[in-house]
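Read-outs throughout are calculated quantities, based only on the coordinates presented, and are distinct from any laboratory measurement. Quick caveat: nothing in here was measured; it's all calculated off a predicted structure. Note that we place each Cβ from the backbone using ideal geometry, even for glycine, and neighbour counts take in every protein chain shown.
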């Protein structure tokens, strides 16, 4: 009886840690994006600096592209688990 009730529960204690971690990551990404936007707005006064930042970002993305893709896919799967009513096909 007790095991049947636990199987029917959608949200378990193990899921709580996973979903909380995903929300924390999402919050950090949001804060990081806001900070980066402010930095770019201030750096926009210096076109050569913006060009240099773009070159550095491109080099970093190229060097770590496999890890970036892997992390993006993990976040995609975590977001599907976080939103229970999201369909498989967009």
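The table for this structure:
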| quantity | calculated |
| --- | --- |
| Full-extension gain in nm, residue 70 to residue 45, via 0.36 nm per residue minus C-alpha separation | 5.5 nm |
| Residues 31, 50, sorted so that the one with the fewest Cβ neighbours within 10 Å comes first | 31, 50 |
